[in-house]
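Have a look at the structure below before the remarks.
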Amino acid sequence: MLKVFTDFVDIAAGFLSESPQVTMDLAEDFNEIDDDIIFYAVLYSSVTVVFAMAVLSKFLTHEFRFGFRSVLSLIVLFLGEPLCQFFIKGPGGVLTFAACCLLIYSVLPASHLPVGNKAVLITGCDSGFGSALVKKLDSIGMRVYATCLNSDGPGAIAIRNNCSERVCVLQLDVTNAKELEEVVNFIQVHEGEDGLWGLVNNAGVWYFSEIEMTSEALFHKILDINLFGTIRLTKALLPLIRKSKGRIVNVSSLLGRITMAGNGAYSVSKYGLVAFTDTLRQEMKKWGVHVAVIEPTGFYTENMKEHNIRNRKEEVWNSMDENARHTYGQLYIDTVYNSIVAGATRYPDDLTPVIRAMRSGLLSKRPRARYPCGTGADLLTMVYPLLPVWVADKVSSLIGIMPLDARPATLS
């Protein structure tokens, strides 16, 4: 027992004799850890501050608003740093966090080019997207040639009354060769020296008509306005746009990527417009000209107002041959168009997402090739092509405006 006690005393004495050195070693280790923590905290804070200021500057200049990309930025800001510190120690964590911030910043909208003396021609400015874009570009100081189907109509008068002298209203039916030539000559006289910076092909028309119901004349009308009118005007103005190394923005539709029952002729024209845009984009790269396509979902514009919808219904019915009328019947087309009228107001009337995309296509330093606009447009355009055909058809019928309970006369 005495021996055990003696051994314990010897061990305690030895520990006490060495404890100052142990204490000093521990203190040095803690100091090194503290230095590391402070060093990496400064690095993380520096990256965070730079990234936060860069994102905030885009908010303040209205280059992008609250949405998926802004939420992603906030997630990286608030969760990226602690996750990298916890899971990836040392310089690797800082580099990973900085790389994530750089990646997120790269997908945010780019800053815009200065307006300077740039001029843009926009078609279809009587109402809707065209009219709203004219007002937006005028407000930032651009010179605008606003072409209208009726240059003496209420839409053209509203532009003259509400816009500055930088806006010039011109008469243009894109299917009328004489009017198109006059507009091109007018632009050549006024912009021939420096070239035309931008062309926005916005003019278009929409009819809801199943393919069997759509007469050949109506097919030609839709294709002539939505597709061939764009092709004619673009080709005529290309020399001026190449001269300025400018921009071309074509307004298509989500129905140029996704087909839905009742929109056959319209989808044919918009699919064609997307193909035209994609080809032209590749061909114009060598000239320094950028070509983009805008792909909106449904928006409540003048096209969706009741009197216009009912006028188009009458036009569709009057153009149908006797066999088509017998097969489908007046009741069927009335039911379909009544459903369209009833559901038209569900579409958003805030055109800001589309106008912002158009402006980006014209002035962004890093313009995109495609601009899906509207609720779910990005997700739909990414996922829809990957779906099996039967699933894609089901999705189309669910999001389309064709009433599921409507039956043609010969099926009733």
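The values are calculated or read from the model by the stated rules, or taken from the named source; none is laboratory data. From a predicted model like this one, the values you see are computed outputs, not experimental measurements. Cβ placement follows ideal geometry from the backbone for every residue including glycine, while neighbour counts extend to all protein chains displayed. Ligands, DNA and RNA are excluded from the accessible area calculation, which covers all protein heavy atoms including side chains. Shrake-Rupley method; radii C 1.70, N 1.55, O 1.52, S 1.80 Å.
What to note about this one:
- Matching residues in the range 180-227 - criterion: being in contact with a helix residue (DSSP H, G or I) (Cβ under 9 Å, 6 or more places away or on another chain) and of a type in the set (Val, Ile, Thr): Val183, Val184, Ile187, Val200, Val205, Ile211, Thr214, Ile222, Ile225
- Every residue from the range 179-232 that is touching a Leu at 6+ places or on another chain (Cβ under 8 Å), aliphatic (A, V, I, L, M) and farther than 18 Å from Ser151 by Cα: Leu196, Leu199, Leu227
- Within the range 288-321, the residues that satisfy the criterion of being more than 25 Å from Ser131 (Cβ to Cβ), open to solvent by 40 Å² or more (accessible area, probe 1.4 Å) and not in a helix (DSSP H, G or I) are Gly288, Asp321.
- Applying the set (1) at pLDDT 95 or above; (2) in contact with a helix residue (DSSP H, G or I) (Cβ under 7 Å, 6 or more places away or on another chain); (3) among the β-branched types (Val, Ile, Thr) to Thr277 leaves exactly one unmet item: (2).
- Identity of the residue in the range 265-287, small (Gly, Ala, Ser) and under 22 Å from the mean Cα position of the chain (by Cα), that ends up surrounded by the most Cβ atoms within 10 Å (Cβ to Cβ): Ser269
- Considering the conditions (1) under 27 Å from Val391 (Cβ atoms); (2) within 24 Å of the chain's Cα centre (by Cα); (3) open to solvent by 10 Å² or more (accessible area, probe 1.4 Å), Glu212 is excluded by exactly one of them, (2).
- Being in contact (Cβ under 8 Å) with a residue 60 or more places away in the chain and open to solvent by 20 Å² or more (accessible area, probe 1.4 Å) holds for only one residue in Ser111, Ser164, Ser139, and it is Ser111.
Per-residue answers, yes or no, for (1) in contact (Cβ under 8 Å) with a residue 12 or more places away in the chain; (2) part of a loop (DSSP other than H, G, I, E, B); (3) touching a strand residue (DSSP E or B) at 6+ places or on another chain (Cβ under 7 Å):
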| site | (1), (2), (3) |
| --- | --- |
| Arg359 | yes, no, no |
| Tyr371 | yes, no, yes |
| Thr375 | yes, yes, no |
| Leu379 | no, no, no |
| Ile401 | yes, yes, no |
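- When residues of the range 385-412 are limited to those that are of a type in the set (Ser, Thr, Tyr) and under 24 Å from Tyr300 (Cα atoms), the one nearest to the chain's Cα centre (by Cα): Ser396
- Residue identified as of a type outside the set (Phe, Trp, Tyr), farther than 28 Å from Glu210 by Cα and open to solvent by less than 90 Å² (accessible area, probe 1.4 Å) among Pro367, Pro403: Pro367
- Scanning the range 241-264 for residues that are under 23 Å from Ala357 (Cα atoms), surrounded by 20 or more Cβ atoms within 10 Å (Cβ to Cβ) and not hydroxyl-bearing (Ser, Thr, Tyr) yields Ile241, Gly246, Arg247, Ile248, Val249, Asn250, Val251, Leu254, Leu255, Gly256, Arg257, Ile258.
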